[in-house]
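> Following this message is one structure expressed as structure tokens.
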């Protein structure tokens, strides 16, 4: 018997725990020249809003030490065009597609959730409640537990689809925002979104990206993301998906051992679009070598010692 790679996130079953992260794979089909989407556990699609957006003016991506800054500004074609032009093709695949969506008001979130919830190609919806790279100063729902509860509860009432909430790393108490999302009816949590960051061209004395502030992703983010996944998994009973700097099997295994049932690969795709295959092979090999019959039996199996301190010097 081989290793059972399948994982369940509430009512959503993934063939394996390796997914593509929102914003790094377009609307799914963009990766077709590089990846067989049916070999992946799932694909989180580019963030959608009801009205769509042209995004920020360039330059809006900058490679930095250990990662990448992006200030795309949530450019997207809008929910209606997505449903008409992209969704029909997604119905032909055997992988789980998850629609990432956002709004600037609770009503906008609800409208998007309601419309996307009618699409049979989508296995789940992922709420983006924090984004540091839009001109309005960022979607602030994700930093306040009361706001997290309010917007999640509203969307829970607007759709019957499994509802995932993508948590912000900027919350003062991430466990509190995680609990708020769970209490409001979230089926799973994804951790974490990018962190606000900045880069300056010292010779020109200019910002590297036109928005000044962008979202930091990639390897530099991973230690923070692993810590947050661990804290969130301890605080809630619903499944957690880890995001942030996953480029190798060892990276993915850190998240799984910390409590994540699946991981999302993002920035690493820009370096090696086929890295999800190697990540998946590495996870399977690790489970076989260490005697774990399934990926799910490995979740949260880091050896806990002393409890985490409440503050750090």
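The values are calculated or read from the model by the stated rules, or taken from the named source; none is laboratory data. For clarity, every value in this text was computed on a predicted model and none was experimentally measured. Reconstructed Cβ throughout: ideal geometry from the backbone, glycine too, with neighbour counts over all protein chains shown.
> When the residues of the range 174-191 are filtered to those that are outside any strand (DSSP E or B) and touching a strand residue (DSSP E or B) at 6+ places or on another chain (Cβ under 6 Å), which remaining residue is surrounded by the most Cβ atoms within 10 Å (Cβ to Cβ)?
Of the range 174-191, the ones outside any strand (DSSP E or B) are 174-187.
With touching a strand residue (DSSP E or B) at 6+ places or on another chain (Cβ under 6 Å) added as a condition, the list becomes 178, 181, 186-187.
Numbers: 178: 27, 181: 31, 186: 27, 187: 20.
Residue satisfying both the conditions and the ranking: 181.
> On to the next question. Could you list all residues from the range 200-229 that are in a strand (DSSP E or B), under 19 Å from residue 73 (Cβ atoms) and more than 14 Å from the chain's Cα centre (by Cα)? Walk me through how you get there before you give the answer.
Narrowing the range 200-229 to residues in a strand (DSSP E or B): 200-201, 206-207, 213-217.
Still in the running and under 19 Å from residue 73 (Cβ atoms): 206-207, 213-217.
Those that are in a strand (DSSP E or B), under 19 Å from residue 73 (Cβ atoms) and more than 14 Å from the chain's Cα centre (by Cα): 206, 207, 213, 214.
> Are there strands (runs of 3 or more DSSP E) fully within the range 1-105 with at least 1 residues that are under 19 Å from the mean Cα position of the chain (by Cα) and closer than 19 Å to residue 159 by Cα? List them. Step through it out loud before you land on a result.
Working: elements: 7-9, 12-14, 18-20, 42-44, 61-64, 67-70, 96-101.
Of the strands (runs of 3 or more DSSP E) lying wholly inside the range 1-105, those with at least 1 residues that are under 19 Å from the mean Cα position of the chain (by Cα) and closer than 19 Å to residue 159 by Cα span 7-9, 12-14, 42-44, 96-101.
> Continuing with this model, one more query. Picking from 127, 195, which residue would you name as being buried (at least 19 other Cβ atoms within 10 Å of the Cβ), in contact with a strand residue (DSSP E or B) (Cβ under 7 Å, 6 or more places away or on another chain) and modelled with pLDDT under 95? I'd like the intermediate steps shown before the answer.
Values: 127 fails: modelled with pLDDT under 95.
Result of the check over 127, 195: 195.
> Please identify the pairs in which a residue from the range 294-308 that is modelled with pLDDT of 95 or more has its Cβ atom under 8 Å from the Cβ atom of a residue that is in a strand (DSSP E or B) and loosely packed, with under 11 Cβ neighbours inside 10 Å, counting only partners at least 6 apart or on another chain.
Going by the 8 Å Cβ cut-off, there are no qualifying pairs.
> While we're here: Just the residues that are touching a helix residue (DSSP H, G or I) at 6+ places or on another chain (Cβ under 7 Å) and farther than 17 Å from residue 92 by Cα, please, taken from the range 104-127. I'd like the intermediate steps shown before the answer.
Of the residues in the range 104-127, the ones touching a helix residue (DSSP H, G or I) at 6+ places or on another chain (Cβ under 7 Å) are 106, 109-110, 112-113, 115-116, 119, 121-122, 125, 127.
Selection gives 106, 109, 110, 112, 113, 115, 116, 125, 127.
Matching residues to (1) buried (at least 20 other Cβ atoms within 10 Å of the Cβ); (2) touching a helix residue (DSSP H, G or I) at 6+ places or on another chain (Cβ under 6 Å); (3) under 15 Å from residue 240 (Cα atoms):
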site: 3; (1), (2), (3): no, yes, no
site: 12; (1), (2), (3): yes, no, yes
site: 15; (1), (2), (3): no, no, no
site: 23; (1), (2), (3): yes, no, no
site: 33; (1), (2), (3): no, no, no
site: 38; (1), (2), (3): no, no, no
site: 45; (1), (2), (3): yes, no, no
site: 49; (1), (2), (3): yes, no, no
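> Tell me the residue from 171, 260 that is closer than 30 Å to residue 160 by Cβ, assigned to a loop (DSSP other than H, G, I, E, B), touching a helix residue (DSSP H, G or I) at 6+ places or on another chain (Cβ under 6 Å) and modelled with pLDDT under 95, please. Even if it seems obvious, please write down each step before you answer.
Details: 260 fails: modelled with pLDDT under 95.
None of the others qualify; the one that does is 171.
> Being exposed (fewer than 13 other Cβ atoms within 10 Å of the Cβ) and not in a helix (DSSP H, G or I) is the filter here; which residues of the range 275-294 pass it? Break it down stepwise before answering.
From the range 275-294, those exposed (fewer than 13 other Cβ atoms within 10 Å of the Cβ) are 281, 285, 288-291; that's our starting set.
The answer is 291, and nothing else.
Each row is one residue, and each column tells you yes or no for (1) farther than 24 Å from residue 39 by Cα; (2) in contact with a strand residue (DSSP E or B) (Cβ under 9 Å, 6 or more places away or on another chain).
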position	(1), (2)
205	yes, no
220	yes, yes
232	yes, yes
248	no, no
251	no, yes
262	no, yes
279	no, yes
288	no, no
301	yes, no
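> For the range 1-39, give me each residue that is in contact with a strand residue (DSSP E or B) (Cβ under 6 Å, 6 or more places away or on another chain) and more than 25 Å from residue 81 (Cα to Cα).
4, 7, 9, 10, 12, 14, 17 - these are the residues of the range 1-39 that are in contact with a strand residue (DSSP E or B) (Cβ under 6 Å, 6 or more places away or on another chain) and more than 25 Å from residue 81 (Cα to Cα).
> For residue 214, work out the one condition from (1) crowded, with 24+ Cβ neighbours inside 10 Å; (2) over 27 Å from residue 162 (Cα atoms); (3) touching a helix residue (DSSP H, G or I) at 6+ places or on another chain (Cβ under 7 Å) it doesn't fulfil.
(3)
> Looking only at the range 85-103, count how many residues are buried (at least 16 other Cβ atoms within 10 Å of the Cβ) and either under 24 Å from residue 31 (Cα atoms) or in contact with a strand residue (DSSP E or B) (Cβ under 7 Å, 6 or more places away or on another chain) (or both).
We begin by selecting, within the range 85-103, every residue buried (at least 16 other Cβ atoms within 10 Å of the Cβ); these are 86-87, 90, 93, 95-103.
After this cut, where a residue has to be either under 24 Å from residue 31 (Cα atoms) or in contact with a strand residue (DSSP E or B) (Cβ under 7 Å, 6 or more places away or on another chain) (or both) as well, the list is 86-87, 90, 93, 95-102.
Number satisfying all stated conditions: 12.
> Confirm whether residue 99 is touching a residue at least 24 places away in the same chain (Cβ under 8 Å) and under 25 Å from residue 6 (Cβ atoms). First the steps, then the outcome.
Values: touching a residue at least 24 places away in the same chain (Cβ under 8 Å): yes; under 25 Å from residue 6 (Cβ atoms): yes.
Taking the combined requirement at face value, the residue satisfies it.
> Please find, within the range 230-252, the residue that is surrounded by the fewest Cβ atoms within 10 Å (Cβ to Cβ) out of those that are part of a loop (DSSP other than H, G, I, E, B) and over 16 Å from the mean Cα position of the chain (by Cα). Spell out how you get there, then give the answer.
In the first step, residues of the range 230-252 are kept if they are part of a loop (DSSP other than H, G, I, E, B); the result is 236-239, 244-248.
The next check asks that each one be over 16 Å from the mean Cα position of the chain (by Cα); those that pass are 236-237, 248.
Values: 236: 20, 237: 7, 248: 16.
Step by step, filter the range 230-252, then rank; the result is 237.
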